[in-house]
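To keep things clear, I will list the structure first and then write my remarks on it.
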Amino acid sequence: MSERTPTPICDFVRAYAARNPVRLHMPGHKGGDDLGPEPLDITEIDGADTLFEASGIIAESEAYASRHFGAHTFYSVEGSSLCIRAMLFLAARRVPSGRRARVLAARNVHKAFLSAAALLDLDVSWLYPASDCGLLASDCTPASVEDALQQSDEPFCAVYLTAPDYLGNVPDVAGIATVCHRYGVPLLVDNAHGAYLKFLPVSRHPIDLGADLCCDSAHKTLPALTGTAYLHAAQNDRYGFTQNAKDALALFGSTSPSYLLLQSLDRLNCTLDDCPKQLSAFVPKIDALKNELHTIGYRLLGDEPLKLTIDANAYGYTGSALKEALRSCGIEPEFADPDWLVLMLSPCNSDEELDRLLTALRSIKRRKAIIRLQTPYAVPQIACSIRTAMLSESERLPVEKTCGRVLAQPCVSCPPAVPIVMCGEIIDQSAIERFRYYGTKQLTVLKKG
């Protein structure tokens, strides 16, 4: 964008705080400064606009964000979780009354998808990988999506992808979008980890690749406060999602949105002006880092530019062991499990920090590769809907005592996992072995009787 983007929300709040009025309204701290940001923490007073009925400074700020992303962009201060629920609602409401909404989804969904499926009573058909990939992302392809759409007796209201996934795998969003639109089905993408993809020299953002709805977590890869996110609808809006987007967000969202987080999104509009230049300078540094790690003997996974996912087993360690080694050097990774170590990088990481990371990884002596868990994997049997499973009476049991029982609640706190068993599916012995391997000790299952 050619001109520096204004910050209408920030300007209003700072001017309000500078006037130092006697605050006889919420929040209860009345603008004190015990923590520091209280003077900037306001509520929906005159002039501050209202997030879900925006017509003033919030609408103005969202319009600037829309220009940056080339989409109809709406703010969330409850993360991508809120946007995921809103996306699914917008797709489901297109289904005629009396018919249950059906969604075709890759299996590596965030647990917010499952809560939305329960609340909306969605009928979910899962896309399974062509081969057993443990807890890696489902290898969803245009061909697998087309096969599923062709073979279905009933129409789907949406196809749903997670792209990129937590480990940095990115499916062919453009190819899948082409298939979806050929069948008249909207494509919804959880792009929580890929907000920055818009600002690469060649955009790899899902909206630019043909997605109809998409969510980004601003705080994951852009310099914004935790909890900030975007809901994007495609500019052509072929399914009319934009008109009802605010209502969909309001259906699941708090009526008390944080103005501290709104200011963070608002201020980010200025930062996004510089993002393409910053990424153009930073991505080659990460490419060089990855090449050096390959030379040392590390095996890396995924093709997302700013994510560094190390196959710890191939280097002779568990991911958790590599994590502890880095922590001893003052480096805090994003995630580790028995197999993988994940680090998330951004232009906010200095050259000195990248050098420290390389030095630390170089200092870890390579060992004989660890052979991963190999257990036969069977597609779980479905006993009931996700809604029935999540809303029915349940009990928590040791994993060893759950064979044959029906999973009631998500057992993976967040990605990267392709869930071993989904809510409403029957737990078998092979699933129990996998739960043990990944350190899951208890499961919430439906009560018998």
*Here are Gly56, Gly47: which of them is under 31 Å from the mean Cα position of the chain (by Cα) and modelled with pLDDT of 90 or more?*
Gly56
*Elements of type helices (runs of 4 or more DSSP H) in the range 136-224, at least 3 residues being open to solvent by 40 Å² or more (accessible area, probe 1.4 Å)*: 142-151, 173-182
*Exclusive hit being open to solvent by 30 Å² or more (accessible area, probe 1.4 Å) and assigned to a loop (DSSP other than H, G, I, E, B), set Asp287, Asp274, Asp237, Asp247*: Asp237
*Tell me, which helices (runs of 4 or more DSSP H) wholly within the range 32-129 include 2 or more residues that are more than 27 Å from Thr271 (Cβ to Cβ) and among the charged types (D, E, K, R)?*
none
_Selection count, the range 308-353, where residues are open to solvent by 20 Å² or more (accessible area, probe 1.4 Å) and among the hydrophobic types (A, V, I, L, M, F, W, C)_ = 9
*Only one residue in Thr255, Thr271 is under 15 Å from Ser66 (Cα atoms) and more than 21 Å from the chain's Cα centre (by Cα). Which one?*
Thr271
*asked:* Can you say whether Ala65 is out of contact with any strand residue (DSSP E or B) (no Cβ under 8 Å at 6 or more places or on another chain) and surrounded by 15 or more Cβ atoms within 10 Å (Cβ to Cβ), as far as the supplied structure shows?
replied: no
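The values are calculated or read from the model by the stated rules, or taken from the named source; none is laboratory data. Predicted model, so just to flag it, every value in this text is computed and none were measured. So basically every Cβ, Gly included, is an ideal-geometry build from the backbone, and we count neighbours across all protein chains shown. Side chains included, ligands, DNA and RNA excluded: accessible areas come from the protein's heavy atoms. Shrake-Rupley method; radii C 1.70, N 1.55, O 1.52, S 1.80 Å.
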